[in-house]
Every structure is written in structure tokens, then in C-alpha cells.
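Q: Dropping the structure in here first, questions after.
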Amino acid sequence: MTQASICTIGDEILIGQIVDTNSSMISRALEGIGVKVTRMLSIGDDHREIIDNLRNELEHNEIVICTGGLGPTKDDITKAALAELSGSSRFVENSEQLEIVYAILHSRGLDVLDINKAQAMVPDTCEVIPNRKGTAPIMVFRFPESRFGHPATLYSLPGVPFEAAGAVPDIISDIKSHNPLTDIHHKCIMVAGIAESALSKMIETWEDSLPPDIHLAYLPNQLTGIRLRLSIYGGDKEEEERRIDEEFAKLKPILGNLIYSYEDDNLQNAVGTLLRGTGKTLSTAESCTGGLISSLVTSVPGASEYYLGSVISYAVAIKEKVLDVSPDDIIEYGVVSSEVAAAMAEGVRKLTGSTYSVSTTGLAGPGGDERNEVGTVWIGVSGPHGTQTAKRIYKNDRKRNIERFASAALDQLRLYILEDLKY
């Protein structure tokens with residue numbers, strides 16, 4: 001299987017000044033053609049570090065793609081490092097890229113300076129793929145088997161994200177024309193309502209029985225739950241997809257309704273799938289989640305078919321005046337309680353006339369109260385067959401607690417609807 005390394009060049013990434021989005025974008029494109037990414041590496045603006053690190057990556061991979069360090073200023077030193085790495089004796093002008101430099105700068109009403117023209121100068125050891133979205137060319141260096149023990153190709157792309165994205169189709173086309181490629185087969189199922197460690201224990205026997213060429217990955221996310229991914233590298237596409245489906249089918253008796261989708265999905269879409277076309281509707285009453293549940297629900301195309309609206313009752317007064325939560329219950333049980341969560345769900349359901357409703361009341365942090373610890377949430381779900389509540393406690397920061405609260409509420413709603421649909 002063809003292997004690749006992705007490298008970013010620039011101190012700005014190492015010091016956290018900018019976020020590297022190029023590597024994930026390039027990785028997805030490589031995975032799509034069956035190239036396995038073995039490593040992602042960030043390298044600072046140091047001539048020797050660039051050469052030494054890229055040489056090491058080329059020794060271990062057939063393909064190395066690097067981004068960054070190709071601007072017109074003196075701190076952009078990648079081109080000189082690549083010239084030394086590739087044994088270049090001189091720089092030559094690429095006329096096609098020079099035309100693009102003139103066209104871009106003139107379109108902006110700018111003069112073409114010598115430092116701009118210099119961007120069209122490239123090592124004589126490289127091939128050039130014109131960069132039509134910027135002034136720095138895409139350079140391709142091909143190394144023979146005698147250099148690294150295998151044929152290797154290094155692609156140097158601009159670091160500006162939209163320029164890098166524009167270069168990827170040309171890079172992918174070049175890789176496909178120069179490398180024998182095999183497919184990578186991935187499939188995911190989505191699991192919610194269980195911790196990763198508990199899930200691992202629950203499916204331990206199944207996992208241990210997987211064929212050696214089928215690889216399992218746990219990919220947790222506080223909003224979507226846990227993505228279980230099975231992968232096979234190489235082989236016939238239809239056959240390998242059939243084998244993966246057979247393995248995932250064995251999980252249904254083990255996990256039951258903990259599985260909410262047999263594809264890469266999210267909880268809000270799973271809820272929408274249950275409601276779409278049924279004529280049943282949904283409303284939300286949110287305190288600690290501050291509208292996040294509503295935002296997630298309405299992010300699904302077509303949500304207007306079943307979603308009616310929300311009350312964000314952050315203040316106690318709104319809980320009482322709008323949702324008809326009893327002041328006596330708040331005094332006796334506290335704002336963060338089963339009783340208040342139930343009353344909020346019932347109140348918004350009555351207010352909107354929805355079939356189902358879900359509510360949240362909790363303590364995202366950093367402060368708690370005298371009755372509940374930080375990270376506590378009570379969830380209420382109301383529908384034609386009564387109202388249920390559930391308590392969850394999470395040990396995260398405020399932002400992640402809010403996301404976990406919203407995710408748990410959507411999952412609790414999903415389970416309620418599934419049960420209700422049996423009647």
C-alpha cells in the first residue's frame with residue numbers, strides 16, 4: 001500500500017498562532033484514493049530542520065506533501081531547503097507561474113516587484129504545477145529508488161488554505177498517474193449513551209474475534225457519541241464492504257439501541273429520521289444548554305417539518321412565567337432537579353402543542369450549588385406516554401459540559417421516541 005506523510009512548515013503553527021487545517025484536508029483526499037497517511041509533522045522555519053525532517057519522511061514514505069514557507073518574504077525559506085535536498089544547482093524561471101503572478105497582482109492594482117517575480121523561480125530539479133489561486137508555484141520533486149531505497153515524490157504546496165485546497169486535485173491526479181494504488185475501505189457505526197471504556201468492555205469479545213486484516217478504531221466526540229470505525233486496506237471493494245457489514249451486524253445483539261446509526265451520522269439527524277414523515281412534532285426547553293439543542297436540531301435540512309420551537313428559560317422567572325414551573329417545586333427541589341426538568345418539558349410541550357419535547361436544567365460550571373456538583377444535568381422528555389427524566393454528571397469544562405448535556409438530551413429523546421413508536 002502506498003504510504004504518505006504530510007508536513008507543515010512554519011513557526012506560526014508550532015506556536016499556535018494559526019490552526020493547521022491543511023493536513024486534515026489533504027489526508028481526506030489521500031484516503032479517498034487509497035493512500036495511507038502514516039504521519040503528520042509540523043516543522044519550524046529552520047533550514048536544516050526542514051531538510052533533515054523531509055529527508056527522514058522520504059525515507060519512510062513513497063509520498064511526502066508539505067505546505068507552507070513559499071511566500072515572497074525572507075522568512076519563507078522552504079524553496080531554498082528543497083533545492084539543497086534535491087541537489088539543485090540553479091534556479092530557473094517558470095514562465096507560466098510568472099504570468100499568473102502578473103495577472104493576480106495587476107488585478108489587485110498592485111505593482112509587480114522583484115520579490116514577486118522571484119516566486120516564479122524554482123529549483124531546476126522540480127516539475128511545476130501552476131498555482132492559479134496564488135503566486136507561489138506547486139513544486140514536484142521525484143527521487144529515484146537509489147536515493148531512499150524506493151521511488152519517492154515530494155510535493156510542495158503553498159500554506160494559504162484556499163491555495164492548498166486548490167492544489168489538491170492536481171496533486172491527487174499526479175499521484176494516481178505515478179503510483180499503483182489500492183482501496184481503503186472504511187465504515188462507521190454511531191453509538192451513544194455509554195462511556196468509551198464501558199463500550200470497550202462490552203464489545204471486548206467481538207473485538208478480539210475480528211479478522212487480523214480488519215482494524216477497529218474508537219472515535220469519541222462529546223456531541224455525536226462514539227464512532228466505531230472498521231477499516232480494511234486493500235482488496236476488492238464489494239467483498240471488503242460485505243465483510244465489514246457482517247462484522248458490524250454482530251454488534252446489534254450486543255449493543256441494541258445504543259447504536260443509533262449504521263453510517264457516519266449525528267444524534268440530531270437520528271432524531272430527525274425518526275420524526276420525518278410521521279406528522280409528529282418536537283419542541284425544546286433549555287436552561288443550561290442555552291439553545292444548543294435547538295441549534296443542533298435545526299442544523300438538519302428539513303427540520304421545519306417537525307420542529308416547532310424552543311424556550312430558552314435561563315432565568316428562574318422565565319421557567320415560572322413561560323413554562324409554568326411551580327415556584328414551590330423550585331424552592332423544595334431546586335432549579336436543577338428531576339421535578340423542574342419534567343415541568344419544563346411538559347410546559348413547552350403544552351405551550352407549542354408538540355408531540356414530543358425535551359428539556360435541560362443543570363450546572364455547566366464553573367460554579368455549583370448546595371444540592372448538585374458541577375457538571376450535573378437533569379433531562380426531561382415528554383410525549384404521549386408520559387414524562388421521563390434522567391440525571392447525568394460530567395467532569396468537563398463549561399463548554400464541553402454544555403455539549404455533553406445537549407448530546408445526552410438528544411439521545412434521551414431518541415430513545416423515548418423509539419419506545420413510543422412501538423405503541
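Q: Taking the Cα centre of the range 184-261 as origin, sum charge times position over the Cβ atoms of Lys and Arg (+1) and Asp and Glu (-1), and report the length of that vector in debye to the nearest 20.
A: On the way: 9 positive and 13 negative charges, 73 e Å.
With only Lys, Arg, Asp and Glu charged at Cβ, the dipole is about 360 debye.
Q: Moving on. Out of every Cα pair in the chain, what percent are spaced more than 36 Å from each other?
A: The calculated P(r) of the chain puts 47 percent of pairs beyond 36 Å.
Q: Take D328, project a point 7 Å from its Cα along the Cβ direction, then tell me which residues of the range 361-375 have their backbone nitrogen under 19 Å from it.
A: Answer for this model: none.
Q: Would you mind telling me which residue in A409, A103, A303 has the biggest mean-square fluctuation in a Gaussian network model of the chain, where springs connect alpha carbons within a distance under 10 angstrom?
A: The residue with the greatest mean-square fluctuation here is A103.
Q: On to the next question. Quick check for me: using +1 on Lys/Arg Cβ and -1 on Asp/Glu Cβ, what's the dipole size of the chain about its Cα centre, in debye to the nearest 20?
A: Numbers: 40 positive and 59 negative charges, 184 e Å.
I would put it at about 880 debye.
Q: Ranked from highest to lowest mean number of other Cβ atoms within 10 Å per residue, what is the order of the peptides 227-236, 337-346?
A: Working: 227-236: 17.0, 337-346: 24.6.
Ranked by mean Cβ neighbours within 10 Å, highest first: 337-346, 227-236.
Q: Further question: Starting from the Cα coordinates of the range 184-261, work out the convex hull volume and express it per residue in Å³.
A: On the way: hull volume 6.6 nm³, N = 78.
Enclosed volume per residue, from the Cα hull, is 85 Å³.
Q: Another one. Considering the Cα positions of the range 267-420, please state its Rg to one decimal place and its Dmax as a whole number of Å.
A: Answer for the range 267-420, Rg first and Dmax second: 14.2, 45 Å.
Q: For the range 201-344, which semi-axes, largest first and in whole Å, follow from the square roots of 5 times the eigenvalues of its Cα gyration tensor?
A: On the way: eigenvalues 341, 69, 29 Å².
They are 41, 19, 12 Å, listed from largest to smallest.
Q: Which one, D328, D76, D213, has the greatest fluctuation when you compute a Gaussian network model over the chain with C-alpha springs under 10 angstrom?
A: D328
Q: Over the range 3-178, with a single point scatterer placed on each C-alpha, what log10 of the ratio I(q)/I(0) does the Debye formula yield at q = 0.09, 0.14 1/Å?
A: -0.28, -0.70
Q: Further question: What are the GluC sites (Glu not before Pro) within the range 230-333 that DSSP puts in a loop, where the Cβ has at most 14 other Cβ atoms within 10 Å?
A: Details: sites: E238, E239, E240, E241, E246, E247, E263, E286, E305, E320, E332; in loops: E263.
Sparse-neighbourhood loop GluC sites (Glu not before Pro): E263.
Q: Per DSSP H run of n ≥ 4, the term is -39500 (n - 2.57); total these for the chain, divide by its residue number, and report the mean residue ellipticity at 222 nm rounded to 500 deg cm²/dmol. Can you show the working numbers first?
A: Values: 18 runs with 172 residues, N = 423.
Per the formula, -11500 deg cm²/dmol.
Q: Now for a separate question. Charges at C-beta only: +1 for Lys and Arg, -1 for Asp and Glu. How large is the resulting dipole of the range 268-354 about its Cα centre, in Debye rounded to 20?
A: On the way: 6 positive and 9 negative charges, 91 e Å.
About 440 debye.
Q: Are there cysteines in the chain with no other Cys C-beta under 4.7 Å, and if so, which?
A: If one checks each Cβ against the other cysteines of the chain, C126, C188, C288 turn up with nothing under 4.7 Å.
Q: Could you identify which residue out of I18, I312, I63 has the top mean-square fluctuation in a GNM of the chain using Cα springs shorter than 10 Å?
A: In this elastic network of the chain, the residue with the biggest mean-square fluctuation among I18, I312, I63 is I18.
Q: Step through the table entries K176/K237; K36/K395; K187/K399; K252/K350; K201/K252; K36/K187, compare each Cα-Cα distance with 27 Å, and write down the pairs that go over it.
A: Values: K176/K237 18 Å; K36/K395 35 Å; K187/K399 30 Å; K252/K350 36 Å; K201/K252 16 Å; K36/K187 16 Å.
Long pairs (Cα-Cα over 27 Å): K36/K395; K187/K399; K252/K350.
Q: Using r as the Cβ-Cβ distance of N396 and Y314, and R0 as 22 Å, what FRET efficiency do you calculate, to the nearest 0.05? Mind showing how you got there, number by number?
A: Numbers: r = 20 Å, r/R0 = 0.91.
The computed FRET efficiency comes out at 0.65.
Throughout, read-outs are computed from the coordinates displayed, never taken from laboratory work. Note that the structure is predicted; figures quoted are calculated from it, not measured. Quick reminder, even Gly has a Cβ in these numbers, built from the backbone with ideal geometry, and neighbours come from all protein chains shown.
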